[in-house]
Amino acid sequence: MDSKDRFSDARVPELMKKARMGWWEADFKRQCYVCSEFIRDLFGLGEDGVISFEDFRGFIREDYRLRTVNEFVFGKTQNVYDQVYPVEVHGEIIWLRVKLCSKEVDEEGFMRTFGFMECLDVPESMDTSTTALQRVNNLFVQQNSISRSLLSLLRSDDLSGVVNKILGDIMQYYPEGCTYIIEYDWEKKTQTCSYEAGSYKSFKKKDYMEDFPMCEIPWWTEQLAQKASPIILTNLDELPEEATAEKTRLMEQGVKSCMVVPMISRNGVSGYAGVDILDKPHVWRNEDYQWFASLVNIVGICMEFRKSEIKAQVEKEYLDNLYRHMPVGYVRMRMVYDEQGRVKDYRFIDSNNMARYLYNLKDERWIGRLASEVDEEDIQEHITDLESVVKGEGPREINYYRSGVDKYFHSVMYSPCKDEVVLMFSDMTDTFKAHEALDRSERLLRNIYKNIPVAIELYNRNGILEDVNDKDLEIFGLDSKEAVLGINLFKNPMIPEEVKDKLRRRESADFSIDYDFSKIGEMYQTSKTGILNLLTRITTLYDAAGNLTNYLLISVDRTEATKAYNQIKEFKDFFTLVGDYAKVGYAHFNVLTREGYALDSWYRNVGEERGTPLQQIIRVHGHFHPEDRAVVLDFWDKVIRGEMSYIRKDVRILREDGSYTWTCVNVLVRDYRPQDGMIEMICINYDITDLKETEMKLIKARDRAEESDRLKSAFLANMSHEIRTPLNAIVGFSNLLAYAQDESEKQQYISIVEENNELLLQLISDILDLSKIEAGTFEMVCGDIEINPLCEDVVASLQVKVPAGVVLRFEPCPENCHIYSDKNRIHQIISNFVNNAFKFTSSGEIVVSCRRIGKEIEFAVRDTGIGIEPEKQKNIFDRFVKLNTFVHGTGLGLSICKSIVEQLGGRIGVESEPGKGSRFWFTHAVSQ
């Protein structure tokens, strides 16, 4: 390979030459080295820088040649080669350091290795023989340390102490350093420092290498854990670029040089051991690596061995505890033979706690003794079985009963070796008793199955009928089981299809059918006819493994019960219908337990939800009016004391909307036995709300008639006065008019007569309107009305009546609004409002206004008069109400206005404050 192609920068060769170093590449296919320019010049190679392996070995001084070649081959397989040795070039001895840096394998499988070579300064006076001898001595010392370490690990039970001693011995060679062992936890992907020793300046690996994540030093982990390759660094600059994190961490620890070797176990890499040099860079020799790697391998093997030993000890203790405390008796026996070679006795040689407990022995008094000395019964019972087992006929499994302890045992005998038998047995007393109980239960179940008053049919997993009981034969009119066995459940026309679908899905089914014998066809012969009402349940049965085994069909003949039930239901429905129609409720209960029955109508009559438990109603009555509730609760107390037996009372019931209805409650005692916990009551109630409302209407009608009679009398008295007053004025002033001489006096009399004419006319008009309203003949002539012009006409027509000091004005509606109504009636209402304002306003203003509020028009008349007291405002629109008896008027105007507004579908009202004025208003819908 041309070195110029590899290094294009001319400065690199010059720098390497000054540093007296160069690179080399070993090509194992061609068996040669390709060297850089410095090495080429050093050995006087050609321009291509190629030298064969054989030629290069010739340069190595003879006393180093064999060892150097062997170590180079070792480095080829172990990724480790770092040697210092002398070469003889041109008659001169030059000491070289040669280090392997990397290797690769080409596509043909041949290896290529790469490294560097540098010249070392060695004094010419150096005694090489002495140096060689020293290295040999060092090797012997290291070999001796390996032997001592192995011997210590084999002899001592204190693994930690021995490992720490080995690490201390290693540190004798590297006083300015530390050595350590790191173990991997592959499950957690962490590493922990288990052992360390050395000279620490600022840190200890145990301080931070506790469950330290392997992923935080990826290159380090890849080399050691994945590739199982050692890491040997003369200085930290030899780390590759991808090991930046590792280099930073080593620098923080003060490491200058290190040698790290993976620990190989049976399951792969279990961790690694290393030596860190803390004072200066260190050149590691191949024998250093081999010695340290050997120690690490020995320690790793011993650690693995010790872990296995501990694990085996734990398992042994577990098995021993299991043997001693397992819930199975264990007895080991050695056979004793007679002269014919037959077993005549046996000797107990071992047993566990459970065996002594089951045999009711409180100590080990039977160990070492003959069975005949312990229990003669036991010998006679087992001797035959023991002989067959010990003769090699195989294990025996037997059940036996020991009367001495009243227990049943299940046992297994086997022979572990010649003349010995092991008996393992368990207490089966509960099991045997359970079997006996099961047998009894099975006989009982069979009797129940045979005599139970319901039909039972058992089908196999394919739906084929396998068995029926006697009641099934009776219900279906069968002479024997054979007449129906073999019928297919899924082909039975009487079973609904939806039930069959459920069974196919392994679901149980409950259903009621009318079994019509006319539809069974040729399925089986029966003596029955007609229809049976059957309540049937079909369920699936499974074995212990969850596999379907059977279908079980159970039927109850409800024909007679159904007929009775239907009759009761018809009566109940009829009674309920009557109760609902007549609003009559019925309840039957025990007042002490508050348990019983009630119709739906009874619940409604007392304001309760249907189905509410009677315990929440009886002696509670939460919907009764407080006054009525107090009376009823007092009645219950007296019933319990035996002081009352009947009550009839009209009570008020609170409904959900807050209103009250009326219910008449009738309660009587039917059976009085408080000593037996029974006071049977019957309660009949019925809704009398309509009756009460009719009663109230009659009372109100009576009151209205009386009020009407009074009002008529008052009306006649009032009208006679109201009519007589203007008539007197008209008659009197008309007479005076005939005698008046002065024109002004005449005009004054004429004005008084006209004013009283208008009063009399208005009075008669109001009386006529009131009569039409009461007679129901008050007619409306409706049409489209524009409200602003209407109000302007009213104001204009009344301007002549405005009192002195008062201003009458109109505030128009901003919108052009129309209503569909009777124009004259609207005019009449507004005029009435204004005329009333004239009567009570002596100064200020009277304002007629209208405005739109939503879908309505509000008409209003506001004045600055004397106002109305609040207590009089609520009666202001009643008939004949006059706030001031000294003011002209009948008290009918506002009442008529209210009637007109209500007939037009509007609302009317007043807002007033005494001393500040009043505001009368009414509303009317806007035309669409």
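Search the stretch 586-615 for residues being of a type in the set (Ser, Thr, Tyr) and in contact (Cβ under 8 Å) with a residue 24 or more places away in the chain, and hand back the single one that is surrounded by the fewest Cβ atoms within 10 Å (Cβ to Cβ).
The residue in question is Thr593.
Can you tell me which of (1) open to solvent by 60 Å² or more (accessible area, probe 1.4 Å); (2) touching a helix residue (DSSP H, G or I) at 6+ places or on another chain (Cβ under 9 Å); (3) modelled with pLDDT of 80 or more; (4) of a type in the set (S, T, N, Q) is the one Thr384 doesn't meet?
Answer for Thr384: the failing condition is (2).
Could you list, in sequence order, all residues of the stretch 813-848 that are under 17 Å from Arg919 (Cβ atoms), in contact with a strand residue (DSSP E or B) (Cβ under 8 Å, 6 or more places away or on another chain) and open to solvent by less than 30 Å² (accessible area, probe 1.4 Å)?
Cys813, Ile829, Ile830, Phe833, Val834, Ala837, Phe838, Thr841, Ile846, Val847, Val848
Which members of the stretch 783-826 meet the condition of being part of a strand (DSSP E or B) and either without any contact (Cβ under 8 Å) to a residue 60 or more places away in the chain or among the hydroxyl-bearing types (Ser, Thr, Tyr) (or both)?
Gly783, Ile785, Glu786, Val806, Val807, Leu808, Arg809, Phe810, Glu811, Tyr820, Ser821, listed by residue number.
Return yes or no: is Val336 surrounded by 11 or more Cβ atoms within 10 Å (Cβ to Cβ), in contact (Cβ under 8 Å) with a residue 40 or more places away in the chain and more than 30 Å from Met263 (Cα to Cα)?
no
Quick one: is Glu656 out of contact with any strand residue (DSSP E or B) (no Cβ under 8 Å at 6 or more places or on another chain), in a loop (DSSP other than H, G, I, E, B) and open to solvent by less than 40 Å² (accessible area, probe 1.4 Å)?
Spelling it out, it is not the case that Glu656 is out of contact with any strand residue (DSSP E or B) (no Cβ under 8 Å at 6 or more places or on another chain), in a loop (DSSP other than H, G, I, E, B) and open to solvent by less than 40 Å² (accessible area, probe 1.4 Å).
Determine whether Arg306 is closer than 19 Å to Pro230 by Cα and basic (Lys, Arg).
no
Got a sec? Which of Lys29, Lys4 is in a loop (DSSP other than H, G, I, E, B), within 25 Å of Val105 (Cα to Cα), modelled with pLDDT under 90 and not polar (S, T, N, Q)?
On inspection, the qualifying residue turns out to be Lys29.
Output the residue which, of all residues in the stretch 650-670 that are of a type in the set (D, E, K, R) and at pLDDT below 90, is farthest from the chain's Cα centre (by Cα).
Top of the filtered list is Arg670.
In this structure, is Val269 open to solvent by less than 30 Å² (accessible area, probe 1.4 Å) and farther than 21 Å from Gly161 by Cα?
It is true that Val269 is open to solvent by less than 30 Å² (accessible area, probe 1.4 Å) and farther than 21 Å from Gly161 by Cα.
Out of (1) under 49 Å from the mean Cα position of the chain (by Cα); (2) open to solvent by 50 Å² or more (accessible area, probe 1.4 Å), what's the single condition that is false for Ser403?
Single failed check for Ser403: (1).
Within the stretch 406-439, take every residue that is hydrophobic (A, V, I, L, M, F, W, C) and open to solvent by 30 Å² or more (accessible area, probe 1.4 Å) and give me the one that is nearest to Phe348 (Cα to Cα).
Met424
Looking only at the stretch 227-248, decide whether some residue is open to solvent by less than 10 Å² (accessible area, probe 1.4 Å), acidic (Asp, Glu) and farther than 12 Å from Pro281 by Cβ.
yes
Would you check which residues across the stretch 451-481 are in a loop (DSSP other than H, G, I, E, B) and either at pLDDT below 85 or under 18 Å from Arg537 (Cβ atoms) (or both) and list them?
Ile452, Pro453, Val454, Gly463, Asn469, Phe476, listed by residue number.
Run down Asp345, Asp320 and say which single residue is open to solvent by less than 40 Å² (accessible area, probe 1.4 Å) and acidic (Asp, Glu).
Unique residue meeting the criteria: Asp345.
Look through the stretch 454-490, keep the residues that are among the small types (Gly, Ala, Ser) and open to solvent by 30 Å² or more (accessible area, probe 1.4 Å), and return whichever of them is farthest from Arg505 (Cα to Cα).
Ser480
Looking at (1) at pLDDT 75 or above; (2) surrounded by 15 or more Cβ atoms within 10 Å (Cβ to Cβ), which is the one condition that is false for Val800?
(2)
Going by what's in this entry, would Arg396 be described as surrounded by 11 or more Cβ atoms within 10 Å (Cβ to Cβ), closer than 30 Å to Arg332 by Cβ, basic (Lys, Arg) and touching a helix residue (DSSP H, G or I) at 6+ places or on another chain (Cβ under 6 Å)?
Criteria met by Arg396.
Quick check on this structure: which one of Met523, Met494 is open to solvent by less than 40 Å² (accessible area, probe 1.4 Å), within 30 Å of Lys563 (Cα to Cα) and not in a strand (DSSP E or B)?
When all the criteria are applied, what remains is Met494.
Could you tell me how many of the residues in the stretch 721-768 are more than 19 Å from Gly893 (Cα to Cα), surrounded by 13 or more Cβ atoms within 10 Å (Cβ to Cβ) and modelled with pLDDT under 70?
1
Can we say Glu442 is in a helix (DSSP H, G or I), open to solvent by 30 Å² or more (accessible area, probe 1.4 Å) and at pLDDT 85 or above?
no
The values are calculated or read from the model by the stated rules, or taken from the named source; none is laboratory data. The shown structure was predicted, so the numbers you read here are calculated from the model rather than taken from an experiment. Cβ sites come from the backbone with ideal geometry, for glycine too, and all protein chains shown count toward neighbours. Side chains included, ligands, DNA and RNA excluded: accessible areas come from the protein's heavy atoms. Shrake-Rupley method; radii C 1.70, N 1.55, O 1.52, S 1.80 Å.
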